[in-house]
Structures are given as C-alpha cells and as structure tokens.
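The block underneath contains the structure these notes are about, expressed in structure tokens.
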2 protein chains.
Amino acid sequence: MGKIYVLGIGPGNNKMMTLQAKEALESSDIIVGYKTYTDLVRDSFPDKEYYENGMRKEAQRCEKCIEFARAGKTVSLICSGDAGVYGMASPLLEIAFKESFDNIEVIPGVTAALSGAALLGAPISHDFCVISLSDLLTPWDVIEKRLRCAAEGDFCIAIYNPASQKRADHLKRACKILMETLPGETACGYVKNIGREGCVQKVCTLDELSEISADMLFTVFVGNSRSRIINEKLVTPRGYEL
Amino acid sequence: MGKIYVLGIGPGNNKMMTLQAKEALESSDIIVGYKTYTDLVRDSFPDKEYYENGMRKEAQRCEKCIEFARAGKTVSLICSGDAGVYGMASPLLEIAFKESFDNIEVIPGVTAALSGAALLGAPISHDFCVISLSDLLTPWDVIEKRLRCAAEGDFCIAIYNPASQKRADHLKRACKILMETLPGETACGYVKNIGREGCVQKVCTLDELSEISADMLFTVFVGNSRSRIINEKLVTPRGYEL
C-alpha cells in the first residue's frame with residue numbers, strides 16, 4: 001500500500017516551496033496535478049512519472065491518486081499555493097474516506113494571501129479574511145454576505161479569483177458592496193502572477209481598485225481602517241497601539 | 001548600505017521553511033529575532049552572528065536591524081510562521097520609513113493557520129478568517145465584534161493566541177460569543193506546538209472547545225456550516241457543490 005502527499009508548492013517559483021514539500025516530491029514515484037501546476041515543478045523533478053488533467057476534473061484526480069497508491073506508489077498531489085486553501089486536501093480526504101483509504105499526509109504551502117502580502121509590504125498583519133469571488137462552487141449571495149461581514153468587522157481582506165472571462169465584473173461588484181461600509185480612500189493593493197514571469201504589484205485606493213481590469217491571476221488586498229500606504233507599500237499596523 | 005530580510009521561518013521545524021527563506025538566512029551576516037525563534041534556527045545556521053531580545057521589544061529589534069544594515073550587514077529579522085501575519089514586517093516597514101531606510105525584502109512563511117490546518121485535515125478549504133484573541137494591542141470589543149462578524153458570515157475561523165496565563169478565559173469567552181450564532185455541534189479542532197516537540201492535534205465540537213484549557217501555543221479552528229469531522233479529520237468542503 002502506497003501513500004499520498006497532498007501538498008502546496010507555493011505561488012509558482014519553486015523557491016517558495018517548503019523543504020518538507022521538496023522532500024515529499026523527491027520521495028514520490030508519481031506527481032499528480034492540474035497541468036499548469038505540474039509544468040511548474042517538472043524541470044526540478046524531471047525523472048518522476050506525471051499524471052495531469054484539466055480544470056473541473058478534481059474528483060477524477062483524487063480517484064487516480066488513490067488508484068496509484070493502492071498499486072504501491074508514493075504519490076504527490078500538488079496544489080498551487082497551499083494544499084488546503086481552495087486546494088485539493090479537502091476533496092481528497094472526502095473521496096479517500098468513502099473509499100476507505102487513509103494513508104494521506106497534508107503538507108502546507110505559502111498561499112497567495114501570504115506571498116502577495118509580502119510583495120505589497122504588510123497588508124495582513126492584523127486579523128484578516130480570505131474570500132474567493134468565484135461563484136462556480138459558491139452562491140453569489142453567500143459571497144456578498146461574507147464581503148459585508150468582512151467590512152463590518154474591519155478585517156483586512158485578501159480576495160482570490162477576483163475576476164475571470166465569464167465574470168469580468170465580480171471585483172467591481174465586490175468593491176461596490178465593500179464601499180457601502182468602507183470609505184473609498186481605504187488603502188488597497190493587488191498583485192498579478194505572484195512568483196512567476198510578469199509579476200506586478202501595485203497599491204491604490206478602494207475607489208481605484210473598483211476600476212481595474214483584473215483576471216484570475218490577480219490577488220487583491222483591502223486594508224482595514226488602520227492600513228496606510230507608506231513608501232509605495234501597503235502596511236497594516238499589528239495593533240491599535242505600539 | 002546593507003539589506004534587511006524580514007522572513008517567516010514557518011511553525012518551528014526548519015523543514016517548514018521555504019527554500020527562499022533558507023537562502024536568505026544563508027546569505028545573511030546576522031540573524032535577529034525573539035529568543036525563542038532564534039533558538040529554532042541556530043543549529044542549522046551555527047556560523048552566523050545573532051542578536052536577540054525579549055517580547056514587547058519589537059521596536060528596539062527593528063531599530064537594531066536598521067543599525068546593522070546601515071553598517072553594511074545583510075540582516076535577517078526572523079518571525080515564527082509568516083513575516084506578515086502578526087509578524088515583524090509591519091513594524092519594521094513603519095520604523096524604516098521614519099528613518100528613510102528602504103532596502104527591505106519581505107519573505108513569506110507558512111503561518112499557523114496553514115500548518116495547523118494541514119495537521120487537522122482541511123479545515124480552511126473555503127473562505128476563512130484569522131482572529132487573534134490577544135488584547136495586548138487590540139481592544140477586546142474589537143475582537144468580540146470580529147468574532148460575531150465571522151460567525152455571521154459563516155466563515156471558517158482560525159484563532160491565534162487563544163489564551164495565556166493572564167487571560168486564561170479568552171477562548172471560553174470567544175466560544176460563548178460564537179455560540180450566539182453557531183450551533184454547539186459545529187465541527188472544530190485545535191493543534192498545540194505545531195512542528196515542535198509535543199505536537200498534538202484534536203478534533204471536537206464547539207461545545208467541547210469551550211471547555212478546553214488552551215495556552216498561547218494553541219491554534220484553534222472553528223469550521224463553517226458545511227465542515228465535518230470524518231475519520232478524525234476536520235474537513236471543510238471546497239464549495240457548496242462538488
């Protein structure tokens with residue numbers, strides 16, 4: 001009986017992977033993942049076997065991992081960023097439970113809220129929320145409700161999947177909801193292509209954020225009432241006094 | 001003029017550090033940090049110079065980094081977990097701005113919300129909040145408000161600093177506030193000493209969580225309305241359909 005690691009490789013650049021994730025990949029017979037992610041690790045692990053498939057094929061990807069492990073292989077199921085945050089750890093654990101397979105180890109990774117924050121300065125240094133604007137698996141009214149609660153609670157907010165081709169206006173709609181509570185001058189920022197070629201970061205106000213053309217490669221940050229832009233960095237104080 | 005890296009070393013075990021953090025430490029002349037954290041890296045980087053001080057001395061630690069860098073040194077200011085999340089990136093950027101020093105690079109790390117989640121299964125696979133129960137730098141009424149907003153928004157919640165000697169009852173008080181909105185059967189879990197000796201993890205209900213004796217080495221997780229305990233793991237589905 002083999003083993004499955006479900007692991008986060010960080011935001012793209014292999015240097016953002018943990019040593020633990022690297023060791024798990026080195027010890028694996030086969031690396032499984034969405035093709036965009038397997039392409040990111042292939043050069044560093046050229047001698048491994050690979051199994052890759054497309055978006056929306058997550059359940060099939062989990063089934064394949066269990067099949068490979070039952071055949072005695074050590075399997076790494078890779079995720080961009082972290083293994084848990086909008087990642088594959090959850091569907092793998094659910095499917096493995098149904099199939100009575102339990103030799104699974106979850107290895108965390110640096111999710112975009114952390115890697116994007118590092119590029120912008122220190123936007124999530126105090127209590128924060130992470131919210132995805134993708135309504136593929138979540139009703140839009142749940143997303144709206146969470147945006148309102150996040151603004152009401154004066155949380156710093158990291159927004160994932162701010163827009164895609166099919167939902168080009170989601171970030172604009174989200175900003176409009178946030179501005180029911182937050183001033184348009186709220187300090188914000190965004191990062192595109194974290195850890196990959198063409199990586200860009202920019203600070204702005206919430207007003208300006210509502211006008212940008214984002215896509216699914218953006219991660220967006222909304223500061224709390226104490227966040228400030230200093231020296232082109234987005235910085236949230238660690239507390240209400242220092 | 002030298003450079004300052006402010007970096008997250010992950011939860012304790014050096015294997016949870018990113019390759020980028022390891023390279024920054026290798027390239028540094030001096031490693032600066034709270035003594036508990038410098039002790040975690042000293043064995044792996046025995047030839048470095050060290051500067052360490054105690055809790056509540058954060059501003060002085062930042063000043064020292066700037067002083068060392070102005071003397072031409074490459075400095076690593078280390079944080080447990082991530083550099084940003086309740087970390088040193090924010091005070092360092094604020095103090096450096098006042099002193100017109102700007103050769104600073106923030107290197108992210110695996111914060112306890114991610115490393116603790118990996119040990120418990122997949123508790124924060126959907127929208128989540130991170131909330132600290134320490135009222136050292138934040139008024140308790142702000143913390144209460146955020147707990148209410150997090151529950152109202154059906155977020156998964158990662159709770160940092162759930163208790164300390166001086167505030168032994170904070171977690172109990174927080175659970176009571178959450179239970180104004182959430183059922184006592186809500187799936188929860190906690191982890192102690194992540195990545196260090198004596199690491200333990202346990203799943204439980206919100207009712208049971210309110211009765212545990214936590215301390216500052218605990219990280220606590222409260223699931224959303226869809227979270228379930230399966231096979232002794234805390235698992236939140238990635239969406240409302242799969």
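The values are calculated or read from the model by the stated rules, or taken from the named source; none is laboratory data. Quantities reported herein were computed from a predicted structural model and do not represent experimental measurements. Cβ atoms come from the backbone with ideal geometry, glycine included; neighbour counts cover every protein chain shown. We work out accessible area using only protein heavy atoms, side chains counted, and drop any ligands, DNA or RNA first. Shrake-Rupley method; radii C 1.70, N 1.55, O 1.52, S 1.80 Å.
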Is there a residue being closer than 24 Å to B:GLY81 by Cβ, in a loop (DSSP other than H, G, I, E, B) and in contact with an Asp or Glu (Cβ under 9 Å, 6 or more places away or on another chain) anywhere in region B:172-179? no
3 or more residues more than 12 Å from chain A (Cβ to nearest Cβ) and either open to solvent by 10 Å² or more (accessible area, probe 1.4 Å) or modelled with pLDDT of 95 or more (or both): qualifying strands (runs of 3 or more DSSP E) within region B:1-96: B:30-34, B:49-53, B:74-79
Among the residues of region A:119-138, write down those that are within 14 Å of the chain's Cα centre (by Cα) and not in a strand (DSSP E or B). A:LEU133, A:SER134
Any residue in region A:140-160 that is surrounded by 18 or more Cβ atoms within 10 Å (Cβ to Cβ), among the hydroxyl-bearing types (Ser, Thr, Tyr), within 7 Å of chain B (Cβ to nearest Cβ) and within 15 Å of the chain's Cα centre (by Cα)? no
I'm trying to understand the selection: among the residues of region A:215-242, which are open to solvent by less than 70 Å² (accessible area, probe 1.4 Å) and modelled with pLDDT under 95? A:ASP215, A:ARG238, A:GLY239, A:TYR240
Selection status of B:ARG196, open to solvent by 20 Å² or more (accessible area, probe 1.4 Å), closer than 17 Å to B:TYR86 by Cβ and either in contact with a Cys (Cβ under 9 Å, 6 or more places away or on another chain) or charged (D, E, K, R) (or both): no
Among the numbered conditions (1) within 14 Å of chain A (Cβ to nearest Cβ); (2) on the phi < 0 side of the Ramachandran plot; (3) outside any strand (DSSP E or B), tell me where B:GLU105 comes up short. (3)
